[in-house]
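S.K.: Below you'll find the structure I mean.
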Amino acid sequence: MALIDLQLSNSLLFCLVPFLFILFIKFKKTRKNTLSSSTKIPKSYPIIGSYFSIIANQEQRIQWLSDIILSTPKLTFTLIRPFSFHTIFTANPSNVQHMLKTNFSVYQKGHNSNSTLADFLSNGIFNVDGDKWKYQRQVASHEFNTRSLRKFVETVVDTELSERLIPIFANAAAENKVVDLQDILQRFAFDNICKIAFGYDPGYLLPNLPEAEFAVAFEDSVRLSSERFILPFSLIWKIKRALNIGSEKKLQIAIKQVREFARKIVREKQRELNEKSSLDSADLLSRFLCTGHSDEDFVTDIVISFILAGRDTTSAVLTWFFWLISKNPEVESEILKEIGDFKTEALVRYDEVKNMMYCHASLCESMRFYPPVPMDSKEAVKDDVLPDGTFVKKGSRVAYHPYAMGRSEEIWGKNWAEFKPERWLNKDEVTGNWIFVGKDAYTYPVFQAGPRVCLGKEMAFLQMKRVVAGVMQRFKVIPVAEKGAEPMFISYLTAKMKGGFPVTIEERN
């Protein structure tokens, strides 16, 4: 599919700009050098901009862009795309604060992002600006701050952990078999978020690891929608969608499955509400319906958005966390000691994980290296100037890059490459206990910052710490890859390990 897309992209370029043939020959001769080139800002040509460099580094674009950003004095550079479309990339905390807070009204999702994700997310909270966003944010904020929802989430996570995830690990350990930890954690997260959002159990983490139709369609929708952003210009996917061919045909089929399934659940909940006057369930959909938000499209859009937010982010963080822990046994020992201090029953209680500061710091350090959303962009609705002096023309896109920021010596010091949870901690001089010391949100924008800061941040930490405690107190995760081999970091709308994360599981003595 990727080969077909690339061939179509080149065909369109040749049709639009015939004289590019000479440049294409040059590209073929120098492509090998481009792939292993230095981190200088890529060369730009008339009309096509830095198209060849973009295509050559398509698969490793997050690392490629990070290397370029970190090689610049201001941690900012401008990439010129075909037809002179400009995207400014930055890892400068002052610029990030300017975008996400100080000049929030200037930097919006924008038309390009809205249109690219509209088929999938429609008018959901993560794809709209202005009054639509404000209203959904207000509605969601109210629900996320209720104690009953937090209690419901606790119950869902504990049940999924004890009845599904732990037994699968135990079986893998007993049979000494290799499992894909990334796949298992994605299944775990998908079951959780569907129960929390819809009150629906897709059973994606059952022992036989089934191919649940809704889960597969959702995965295809996320992957194929995000691939639109990778293309040199949007005309490519728009032509494919109009012709209903290739990846766009597959995307429309997947989106139809997701939205039809979601609407079916909304209608069933609404019918139940009409019959009972109130719903017993505490899931988000039930809460929205019970508070008078009965518009089918509205609740479908917002619930799909929250499934997207909760499905891949926590599983991505935990995947990279377990890989980093396997490389840093001293950190693993410290976490096990902390788990042992709190262990009072078969599983560490949900309220106890709140006090696991070393575990919390380890997750933050993991996200510094491998943020679940490694890059996010906004569109300038008018001319502006960033704090570092970079001019932003109206209509340009500005992307802040948490992946690059986590690797910046200027931000984290000379030991930035060390996996060091202690950089987030201080010792209480009286008790000797760890005290967590958070970082500035614009230096560490893993959960965004400003008005759009993630509503589920604290809830996500509690879930992740619950999983870490539940798994690590009983099992040791051992990567199958040879020592020293590093998995490739790739990104759709959220981060993943290319090819999965094959591991074996050992029971701890």
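S.K.: How many nm is it between the label spots at LYS439 and ARG150, if each spot is 7 Å from the Cα in line with the beta carbon?
M.R.: For LYS439 paired with ARG150, the spin-label model returns 2.6 nm.
S.K.: What's the angle, to the nearest 10 degrees (0 to 90), between helix 357-369's Cα axis and the longest principal axis of the chain?
M.R.: Rounded to the nearest ten degrees, it is 20.
S.K.: Which option, [x] 37; [y] 28; [z] 33, is the value of percent of Cα pairs over 36 Å apart that was calculated from these coordinates?
M.R.: After the calculation, the listed value that fits is [z].
S.K.: Note the angle between two axes, namely the Cα long axis of helix 147-160 and the longest principal axis of the Cα atoms of the chain, as a number of degrees from 0 to 90, rounded to the nearest 10.
M.R.: On a 0 to 90 degree scale, this one is about 90.
S.K.: Treat each spin label as a single point 7 Å out from the Cα along the C-beta direction, and report the SER333 to ARG137 distance in nm.
M.R.: If labels sit at SER333 and ARG137, their model points lie 4.6 nm apart.
S.K.: So how tilted is helix 61-70 from the main axis of the chain? Cα-based, degrees 0 to 90, rounded to 10.
M.R.: The answer is roughly 80 degrees.
S.K.: Determine the share of the chain's accessible area contributed by carbon and sulfur atoms, expressed in whole percent, with a 1.4 angstrom probe.
M.R.: On the chain, the fraction of accessible area on carbon and sulfur atoms equals 53 percent.
S.K.: Based on the Cβ-Cβ distance of LEU273 and ILE239, what FRET efficiency does E = 1/(1 + (r/R0)^6) give at R0 = 41 Å, to the nearest 0.05?
M.R.: Computed FRET efficiency for LEU273 and ILE239 comes out at 0.40.
S.K.: Now, a different point. Express in nm, to one decimal, how much length is gained between PHE83 and TYR45 on full extension, taking 0.36 nm for each residue of separation and deducting their alpha carbon distance.
M.R.: 12.7 nm is the gain from fully extending PHE83 to TYR45.
S.K.: Restricting attention to segment 188-266, which GluC sites (Glu not before Pro) occupy a DSSP loop and are surrounded by at most 14 other Cβ atoms within 10 Å?
M.R.: Sparse-neighbourhood loop GluC sites (Glu not before Pro): GLU211.
S.K.: Let me ask something additional. Tell me the relative contact order for the chain as a rounded percent, counting alpha carbon contacts under 8 Å between residues six or more apart.
M.R.: About 21 percent, as a whole number.
S.K.: OK, next. Could you tell me which trypsin sites (Lys or Arg not before Pro) in segment 133-232 are loop residues by DSSP with no more than 16 other beta carbons within 10 angstrom of their beta carbon?
M.R.: Of the trypsin sites (Lys or Arg not before Pro), the ones in loops of segment 133-232 whose Cβ has at most 16 other Cβ atoms within 10 Å are LYS177.
S.K.: For segment 297-341 and segment 97-166, compute the distance between their C-alpha centroids and round to whole Å.
M.R.: Value for the Cα centre distance between the two parts: 17 Å.
S.K.: Averaged per residue, what accessible surface does the chain expose to a 1.4 Å probe, in Å²?
M.R.: In whole numbers, the chain has 44 Å² accessible per residue.
The values are calculated or read from the model by the stated rules, or taken from the named source; none is laboratory data. Values in this document were obtained by computation on a predicted structure and should not be read as measured data. Methodologically, a virtual Cβ is constructed for each residue, glycine included, from the backbone with ideal geometry; neighbour enumeration extends over all protein chains shown. Calculation scope for accessible area: heavy atoms of the full protein, side chains included, ligands and nucleic acids excluded. Shrake-Rupley method; radii C 1.70, N 1.55, O 1.52, S 1.80 Å.
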